[in-house]
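Report on the structure given below.
The values are calculated or read from the model by the stated rules, or taken from the named source; none is laboratory data. Note that the coordinates shown come from a computational prediction; the quantities given were computed from them, not determined experimentally. So basically every Cβ, Gly included, is an ideal-geometry build from the backbone, and we count neighbours across all protein chains shown.
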Amino acid sequence: MTGQDWLEKDFYAALGVAKDADAAAIKKAYRKLARQYHPDQNAGDPKAEARFKEIGEAYAVLSDAEEREKYDAIRAMGGGARFSAGPGGAGAGGFEDMFGSMFGNSGSRQGFGGGGGFEDILGGLFNGGGGAGFRSGPRPQQGADLTTSVTLPFRQAVEGSEVALEIEHRTIKTRIPAGVRDGQKIRLRGKGRPGTGGAPAGDLIITVTVGPHPVFTLDGHNLRVTVPVTFDEATLGAQIEVPTLDGQTVKVKVAPGTPSGRVLRVKGRGVKAAKTTGDLLVTVQVVVPQNLSAEARKAVEAFRDATAGTDVRGDLMARARE
């Protein structure tokens, strides 16, 4: 942006604030207008897009104390847009002649030609040097990243869900992918705070919390479930029914002699993601009966007597001495 641009553009009017407005008032006005004219709220509206750009340009200057001071000085010396052009065309008899007269050129435009001119003079005024020291408008600066969080019920986390997030007076809708983990962070490019000077916007980082389920747990794209089995089912073998997350059941074979803690895998009954489908991992838990009838106790005692020569802890003791 050139000094001529600053003469022609009234940034205070663009934001609808007074020239003596403080930083808080400027920020408040910018947020209100940015929310009103944001492209997400005015898709396909070129006028709103242009207005949003104008608002951002004005805020970039007025929110920077150094830039605002330069802008105010240029506007004060230039007397506003009335010096933007004279009767002889752009610049003729206008602000450059006026500045030439002020700095000893008696109204002549000499000194504004070639590599010098209006911006060189202002560079000397504000930075003690030539035009190379004068910045034409604010430096481009990428927008800041923003953070937020969302909590999903277990089933929505497994199946995926669309959520609406309120971020700095904007509503952002996004799809949380199936199988998202508790504590996982999701980055949405370009959905953070808008950049200045044409720089890109920052990102939005979402931290996901997954609510617990009374039966299932997530393990990557796999679902885990612990299923109780009786002593005789684990010892003799059995076919049992196991619940699935969709409310159905699946039959699983428990082999004879299955110990407590063994994991059985049911293919394709886990999380269905875009590129893969997980499994259902069934952990067998042998249940020890708490109350035995007299007949059942006799049966267990008979089993004990029949297996009296078996030392189930013998291998443990041997390995412990290594």
Quick check on the range 264-282: of everything there that is part of a strand (DSSP E or B) and in contact with a His (Cβ under 9 Å, 6 or more places away or on another chain), which residue is nearest to Val158 (Cα to Cα)?
Lys272
Among (1) in a loop (DSSP other than H, G, I, E, B); (2) in contact (Cβ under 8 Å) with a residue 40 or more places away in the chain; (3) in contact with a strand residue (DSSP E or B) (Cβ under 7 Å, 6 or more places away or on another chain), where does Gly261 come up short?
(2)
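Can you tell me which residues in the range 138-162 are out of contact with any Lys or Arg (no Cβ under 7 Å at 6 or more places or on another chain), more than 24 Å from Gly56 (Cα to Cα) and part of a strand (DSSP E or B)? Working first, answer last.
Just the residues of the range 138-162 that are out of contact with any Lys or Arg (no Cβ under 7 Å at 6 or more places or on another chain), to begin with: 138-142, 145, 147-159, 161.
From what is left, the residues that are more than 24 Å from Gly56 (Cα to Cα) are 149-159, 161.
Ser149, Val150, Thr151, Leu152, Ser161, listed by residue number.
Considering only the range 1-31, state which residues are basic (Lys, Arg) and either in contact (Cβ under 8 Å) with a residue 24 or more places away in the chain or in contact with a Pro (Cβ under 9 Å, 6 or more places away or on another chain) (or both).
The initial filter retains those residues of the range 1-31 that are basic (Lys, Arg), namely 9, 19, 27-28, 31.
Passing the criteria: Lys9, Lys19, Lys27, Arg31.
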Checked the range 233-258 for anything touching a residue at least 40 places away in the same chain (Cβ under 8 Å), touching a Lys or Arg at 6+ places or on another chain (Cβ under 8 Å) and closer than 20 Å to Val286 by Cβ; matches are Val242
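When you go through Phe126, Phe134 one by one, which is the residue that is touching an Asp or Glu at 6+ places or on another chain (Cβ under 7 Å), within 25 Å of Gly56 (Cβ to Cβ) and either at pLDDT below 90 or assigned by TED's automatic domain parsing to the domain that holds Tyr59 (or both)? First the steps, then the outcome.
Numbers: Phe126 fails: touching an Asp or Glu at 6+ places or on another chain (Cβ under 7 Å).
Answer to the check: Phe134.
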Among (1) more than 22 Å from Glu168 (Cα to Cα); (2) modelled with pLDDT of 85 or more; (3) surrounded by fewer than 14 Cβ atoms within 10 Å (Cβ to Cβ), the one test that Phe11 misses
(3)
Subset of the range 264-317 (residues that are surrounded by fewer than 12 Cβ atoms within 10 Å (Cβ to Cβ) and touching a strand residue (DSSP E or B) at 6+ places or on another chain (Cβ under 6 Å))
Gly268
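Only one of Gly195, Gly190 is touching a Leu at 6+ places or on another chain (Cβ under 9 Å) and within 30 Å of Ala58 (Cα to Cα); which? Reasoning before the result, please.
Values: Gly195 fails: touching a Leu at 6+ places or on another chain (Cβ under 9 Å).
Within the list Gly195, Gly190, the selection yields Gly190.
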